[in-house]
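Following: one structure in structure tokens, then a few remarks.
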Amino acid sequence: MIRSATLICGFLVSPVWAGEIWVTNEKDDTVSVISTETLEVIQTYPTGERPRGITFSKDFSRVYICASDSDAVQVMDPNTGEILHNLPSGEDPEQFVLHPNDRHLYIANEDDAITTVVDTETRKVIAQIDVGVEPEGMAVSPDGKIAITTSETTNMAHWIDTETQELFANTLVDSRPRHAEFVAGGSQMWVSSEIGGTITVFNVEDQSEIAKIDFEVQGVHPDRVQPVGFEFTADETTAFVALGPSNHIAVVNAETFEVEDYILVGRRVWHMDFNGDKSQLFTTNGVSGDVTVIDVASRTALKTIKVGRFPWGAAYRPTE
Amino acid sequence: MGRNLLTLTGLALCFGTIAQAEVALNIGYLKVFQPQPPTLSNLDPEPEDIGLAGALTGLDDNATTGRFLGHTYTLTDAILEEGDDTLAAAADLLAQTPFLIIDAPAKTLLTIADLPQAEDALIFNAASGDVSLRRDACRANMLHTVPSDAMRTDALAQMFVKKRWDDLVMIAGTHAGDLAYANAMRASLTKFGLELNAEKTWAFDADMRRAAAQEVPLFTQEFGDYDVLVVADELQDFGRYILYNTWEARPVAGSEGLTAVTWSPVIEQWGAAQLQNRFEEAHGRDMTSRDYAAWAAVRSLGEAVTRTDAGDLTILRSYILSDDFELAGFKGRPLTYRDWNGQLRQPIAIAHPRALVAQAPLEGFLHQTNELDTLGLDRPESNCEAFE
């Protein structure tokens, strides 16, 4: 069914960027699949309990889903929606990142103050690393040498050496760090702090702080401007930052660290992903239960798509 | 008198420690059991470890962070029965640490805060909502992680305004706590432009488990029509029998029904589910408001140690009261302390036993500096001078 839908779409638009945005619905135990051509939900698949983090294997033949309350990472066939098997994940997996080797998943176990490393081929846990309270944000450097876990209550970014699976540095950030990303060829690492209301930019080489980005949305009390997920445009000159209950996305110049724009989206905006050519951005709006589509060039919201209850994570896969 | 030394030490060296000073912070926890007058129902006995359990979860959180920084935390507790020598126990704790969390009535708090040994101490009031402690009876060495009664009644008053429930009546019990709550409620209603149209005092001695369906309709019939019945029953004596037994079919709020609380098991947003899980796993029960207040006190100290890399009283106190301090308290906003009376600013949950209904400050209640200051004593309303 999903195949026929994408086939039809393929005829309508250039097939190069035909694709789908997969959204986990935290309180519906489902994923919604949105066609990036028709901007409609074309499929809804059941998952384990409380699905949050979602990511695809490098060849897009597998989708990994953190089913937090099922204490498992589920491996799904994205062509059929069938759950192929579960990976051991440690308790309450919230968010994860796939190592560039396409094999190792680094998983934040929110209730256990642990980062679990799982080999997706052997389906075995290869390491568990003690981190701070409520680990959440996960990132891995482009060369695969460093993995990051941020811990929400400890307020740190923990730097993991992926060869030894041990911590080699811990850096304090503002309150409730939620998301981390490497940029600029892996020379910078950004961490968002939800309650602190900032993004801290680190120099990866010596883990020193390069910059701190503040946000200010007109008419919204600063306490409610809470940066969570963020993503970069293809040229990495611009970052789009979800600001949670302020219901806005900030557009940040990644070179000057200045905020250039704010875009109104749905309520409690959380995470996001781009379509194939990164011309459109899809944001998950938890409280309003929808996804906002943003035109990246004009920085305007194009459309709102209703999905399940409390959409959380978003991930893109090409279908052609 | 029971006393334990609970130690949580991190293996700092194993965790890629940042090059920082070693800090070992000992926190004292003093609880004075307050005799509970008999109540009509014994359905909900108070957990023995109420308060202390929250402090221990806070200590755990601090220790996990501390192990990356070379900071260790310990808790020394003293649990007293009524009649024990409270002052001696407090002096004993103060000889070991200047940081003291206290779960005791307002009067006891003040006598401890006024001990000569407490002059160079930082006391956290984690149980008393007494408004005077945030006003003329404030002390420079005392902070409050538990909201004042006024913060809780202001939260409900905002709800009444928002819902346009302006025809209000109240039933108050006769215990000191009931009277204090009723006073706070009257002040809050005045503050938000509301008033009580009728008041009655609950002084029954019948067994309401059997007679509620007969007595309460008659007792409330005199009120005539109204929007909401406010119940001031802080000991949870009779309030539970008012619901669904009133003459008019109207909502009940206050100490029963729709309540304004520091914390509740129904809070799951803002990452609260994680704190609830952590607490439940460690202590085998739900986290209560008093647990939360003790948790917030321990975490305030932990946060200050983490950010200042110091264990010194003066440094920690001034950091906690500064603009730089913020505590992520699972309430959706950073928590800070009012520098005029030491009260922890915090959103107040408006909840019934099965769900969160709203969170105060409600939308539309504005303030020139911080919306959270629409709850409780704002700077001009507090005549506390100890912090100047």
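Throughout, read-outs are computed from the coordinates displayed, never taken from laboratory work. Note that this is a predicted model, so its numbers are computed, not measured. All Cβ positions, even for glycine, are placed from backbone atoms using ideal geometry, and neighbour counts span all protein chains on display.
Need one value for B:61-70: mean number of C-beta atoms belonging to other chains within 10 Å of its residues' C-beta atoms.
What the average comes to for B:61-70 is 5.
When we measure straight from the Cα of B:Lys331, which lysines land under 22 angstrom away, once same-chain ones fewer than 8 places off are left out?
Within the straight-line cut-off, B:Lys331 pairs with A:Lys27, B:Lys162.
Just from the alpha-carbon atoms, what are the Rg and Dmax of chain A in angstroms?
18.2, 52
How do A:His104, B:His175 rank when sorted from fewest to most other Cβ atoms within 10 Å of their own Cβ?
Sorted ascending by nearby Cβ count, the order is B:His175, A:His104.
Do the sum for chain B: with -39,500 (n - 2.57) for every DSSP H run of n ≥ 4, divided by all residues, what is the mean residue ellipticity at 222 nm, to the nearest 500 deg cm²/dmol?
-10000 deg cm²/dmol
Counting only other residues whose beta carbon sits under 15 Å from that of A:Arg62, what net charge do I get with K and R as +1, D and E as -1?
After counting each charged neighbour, the total is -3.
Residues of B:326-336, mean number of Cβ from any other protein chain within 10 Å of their own Cβ, rounded to a whole number?
5
Please state the charge dipole magnitude for the protein assembly as shown, taken about the Cα centre, from unit charges on C-beta atoms (+1 on K and R, -1 on D and E), reported in debye and rounded to the nearest 20.
I would put it at about 1100 debye.
Run the dipole for the range A:91-159 about the Cα centre, Lys and Arg Cβ at +1, Asp and Glu Cβ at -1, nothing else charged, and hand back the magnitude in debye, nearest 20.
420 debye
What number, in nm² with one decimal, is the all-direction average of the projected area of the convex hull of the alpha-carbon atoms of the range A:161-320?
Directional mean of the projected Cα hull area for the range A:161-320 stands at 10.5 nm².
Using every Cα-Cα pair within the protein assembly as shown, state what percent have a distance larger than 38 Å.
That fraction is 40 percent.
Suppose every K and R has +1 on its Cβ and every D and E has -1 on its Cβ; what is the size of the dipole of the range B:289-388 about the Cα centre, in Debye to the nearest 20?
Result for the range B:289-388 is approximately 500 debye, rounded to the nearest 20.
Could you work out the Rg to Rh ratio of the range B:240-317, with Rh taken as the Kirkwood radius (inverse of the mean 1/r over all Cα pairs)?
1.18
Could you tell me which residue out of B:Phe279, B:Phe238, B:Ala249 lies farthest along the dipole of the range B:202-300 toward its positive end? Charges go on the beta carbon: Lys and Arg +1, Asp and Glu -1, centred on the Cα centre.
Working it through, the farthest residue towards the positive pole turns out to be B:Phe279.
For the range B:25-85, which semi-axes, largest first and in whole Å, follow from the square roots of 5 times the eigenvalues of its Cα gyration tensor?
Square roots of five times the eigenvalues give 32, 15, 5 Å.
Positive end of the charge dipole of the protein assembly as shown (Lys, Arg +1 and Asp, Glu -1 on Cβ, about the Cα centre): tell me which of B:Ile320, B:Ile27, B:Gly54 has its Cα farthest that way.
The listed residue farthest towards the positive side: B:Gly54.
Return the equivalent ellipsoid semi-axes of the range B:263-388 as a descending list in whole Å, where each equals the square root of 5 times an eigenvalue of the C-alpha gyration tensor.
Here the semi-axes work out to 25, 21, 12 Å.
Residues with beta-carbon under 11 Å from that of B:Leu43, excluding B:Leu43: net charge, scoring Lys, Arg +1 and Asp, Glu -1?
Net charge in that neighbourhood comes out at +1.
Please work out the FRET efficiency for the pair A:Thr300 and B:Ala355, using the Cβ-Cβ distance as r and a Förster radius of 30 Å; give the result to the nearest 0.05.
Once the sixth-power term is evaluated, E becomes 0.25.
May I ask for the equivalent-ellipsoid semi-axes of the range B:308-359, computed as the square root of five times each C-alpha gyration tensor eigenvalue and listed largest first in whole Å?
For the range B:308-359, the semi-axes come out at 29, 11, 8 Å.
Would you please calculate the Kirkwood hydrodynamic radius of the range A:122-186 over all C-alpha pairs and express it in Å, rounded to one decimal?
Roughly 12.1 Å, rounded to one decimal.
Measuring from the lowest to the highest alpha carbon on each principal axis, how far does chain B reach, largest first, in angstroms?
Each principal axis gives a Cα extent; for chain B these are 69, 47, 39 Å.
Hey, any idea what the orientation-averaged projected area of the convex hull of the range A:62-184's Cα atoms comes to, in nm²?
It is 7.5 nm².
Given the range B:182-305, what whole percent of its Cα pairs are spread farther than 20 Å?
Percent of Cα pairs beyond 20 Å in the range B:182-305: 57.
Which value, in Å to one decimal place, does the Kirkwood hydrodynamic radius take for the range B:63-122 when every pair of different Cα atoms is included?
12.9 Å
Projecting each Cα onto the charge dipole of the range A:141-200 (Lys/Arg +1, Asp/Glu -1 at the beta carbon, about the Cα centre), which of A:Pro142, A:Gly197, A:Ser187 comes out farthest on the positive side?
Value: A:Gly197.
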